[in-house]
Ligand code: DAH
């Protein structure tokens, strides 16, 4: 049988059997491509002498070639549609799936509390300052009139930093009060400033202690500031922080850097509770920073941010504020 007739007979089945476009390309090359029997037959036309015979052989070849070409084109359309449908299915998005909701961060309760306390004093006209956490024993103790022999200076209470050859003791500040002296050294009165920040003590963690916590220090120095100003300011603060009907009382206390000194207690959640330490700035502190105690007076106060958060929200264990447990923290978003 003539190879072209064989081709015409077998090729349609091979075209139909191609299941991918790549397979169809192979079939196309083998049937009507440059090395196919069709191409070979065309090349043989030149050797046919009789023009009539050559024309009819040419028509025969072209007839087979064009019907195979049509079959291949038709198959290609089918395969392309199939591959496109498969690609669409593979890339399909299920738009009915609920989305993943990303966890949303929030400001920690202790930071919120500090921000709020600072805001209250800012609204009373105070400015905000911050100071170093690694502090010298001069600013942490001496400038605050804390005697060389005071037990708080001991390593059992205070975390000292070992800088080898350093002449002066460097420590992690045990309170924010050192900023009283630093601020007054840099600024002339009147001074109305609050200082939020981290403080450090040689303590284990329990329900009321932690080696790191936060304080907010306050200092007001001006001509003729009185204990009445202290009481009025801190009572106003308590009303803003704990509610407009909050009662406060001042109980005598002792701090080396204030004289007289007091603790302010507030009545909240059905009981009296200590909120902060305060007092009139000790003239000895003014002398350390070059202020004239005959010209100016002042008051100072210091409070723990964790403690304030606990009082406000009725939290009884400090560890609730330290554990990074999102379920607890989320409640105070
Ligand atoms: N520095 C004190 C402490 O850490 C708190 C304090 C008490 C600060 C009285 C003051 C103050 O400014 O006047 O316990």
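Assessment of the range 128-138 against the conditions (crowded, with 20+ Cβ neighbours inside 10 Å, at pLDDT 95 or above, within 13 Å of the ligand (Cβ to nearest atom) and over 30 Å from residue 315 (Cα atoms)) yields at least one matching residue.
Just to verify a result, which residue in the range 218-255, among those that are free of Cβ contacts under 8 Å to residues at least 12 places away in the same chain and within 13 Å of the ligand (Cβ to nearest atom), is nearest to the chain's Cα centre (by Cα)?
Narrowing the range 218-255 to residues free of Cβ contacts under 8 Å to residues at least 12 places away in the same chain: 228, 232, 239, 244-245, 252, 254.
From the residues that got through so far, the ones that are within 13 Å of the ligand (Cβ to nearest atom) too are 252, 254.
Numbers: 252: 43, 254: 41 Å.
Per the criteria, the residue is 254.
Residue count for the range 172-190 under the criterion of being in contact with a helix residue (DSSP H, G or I) (Cβ under 9 Å, 6 or more places away or on another chain) and surrounded by 21 or more Cβ atoms within 10 Å (Cβ to Cβ): the result is 9. Taking the criterion of being in contact (Cβ under 8 Å) with a residue 24 or more places away in the chain, in a helix (DSSP H, G or I) and within 60 Å of the chain's Cα centre (by Cα), the residues of the range 1-57 that qualify are 21, 24.
Filter the range 201-212 for residues that are away from the ligand (no atom under 11 Å from the Cβ) and in contact (Cβ under 8 Å) with a residue 24 or more places away in the chain; which is surrounded by the fewest Cβ atoms within 10 Å (Cβ to Cβ)? Taking the candidates together, the pick is 206.
Residue-wise test of (1) within 8 Å of the ligand (Cβ to nearest atom); (2) under 36 Å from the mean Cα position of the chain (by Cα).
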| position | (1), (2) |
| --- | --- |
| 257 | yes, no |
| 264 | no, yes |
| 274 | no, yes |
| 298 | no, no |
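Going residue by residue through the range 172-180, is there one that turns out to be assigned to a strand (DSSP E or B) and either farther than 16 Å from residue 279 by Cα or at pLDDT 95 or above (or both)? Scanning the range 172-180 turns up at least one residue that is assigned to a strand (DSSP E or B) and either farther than 16 Å from residue 279 by Cα or at pLDDT 95 or above (or both). Within the range 156-181, residues that are under 17 Å from residue 219 (Cα atoms) reach no partner that is modelled with pLDDT under 95 and away from the ligand (no atom under 16 Å from the Cβ) with beta carbons closer than 6 Å at six or more positions or on different chains.
Mind listing whichever residues of the range 78-106 are assigned to a helix (DSSP H, G or I) and surrounded by fewer than 10 Cβ atoms within 10 Å (Cβ to Cβ)? Those that are assigned to a helix (DSSP H, G or I) and surrounded by fewer than 10 Cβ atoms within 10 Å (Cβ to Cβ): 88, 89, 90. For the range 231-242, the count of residues that are exposed (fewer than 15 other Cβ atoms within 10 Å of the Cβ) and under 21 Å from residue 146 (Cα atoms) is zero. Being under 21 Å from residue 147 (Cβ atoms) and either at pLDDT 95 or above or away from the ligand (no atom under 16 Å from the Cβ) (or both) is a property that residue 320 lacks.
Residue pairs whose Cβ atoms lie under 8 Å apart, sitting 6 or more positions apart in sequence or on different chains, and linking a residue in the range 301-323 that is at positive phi to a partner that is away from the ligand (no atom under 16 Å from the Cβ), are 314/269.
Does residue 159 count as at pLDDT below 95, surrounded by fewer than 20 Cβ atoms within 10 Å (Cβ to Cβ) and in contact with a strand residue (DSSP E or B) (Cβ under 7 Å, 6 or more places away or on another chain)? Show your work before the answer.
Details: at pLDDT below 95: yes; surrounded by fewer than 20 Cβ atoms within 10 Å (Cβ to Cβ): yes; in contact with a strand residue (DSSP E or B) (Cβ under 7 Å, 6 or more places away or on another chain): yes.
Yes: the conditions hold for residue 159.
Residue 215 fulfils the conditions (1) closer than 20 Å to residue 112 by Cα; (2) within 13 Å of the ligand (Cβ to nearest atom); (3) over 27 Å from the mean Cα position of the chain (by Cα) except for a single criterion, (3).
Enumerate the pairs (first residue in the range 72-88 and touching a residue at least 24 places away in the same chain (Cβ under 8 Å); second residue anywhere and loosely packed, with under 12 Cβ neighbours inside 10 Å) with beta-carbon separation below 7 Å, excluding pairs fewer than 6 apart on the same chain, so at least 6 apart or on different chains. Matching pairs, first to second residue: 79/20.
In the range 305-312, is there at least one residue being under 18 Å from residue 126 (Cβ atoms) and at pLDDT 95 or above? Step through it out loud before you land on a result.
Applying the first criterion (under 18 Å from residue 126 (Cβ atoms)) to the range 305-312 yields 305, 308.
Next, only the ones that are at pLDDT 95 or above stay: 305, 308.
Yes - at least one qualifying residue is present in the range 305-312.
The values are calculated or read from the model by the stated rules, or taken from the named source; none is laboratory data. Computed from a predicted model, the values in this text were never measured in an experiment. A quick note on method: Cβ atoms are made from the backbone with ideal geometry, for glycine too, and the neighbour counts reach across all protein chains shown.
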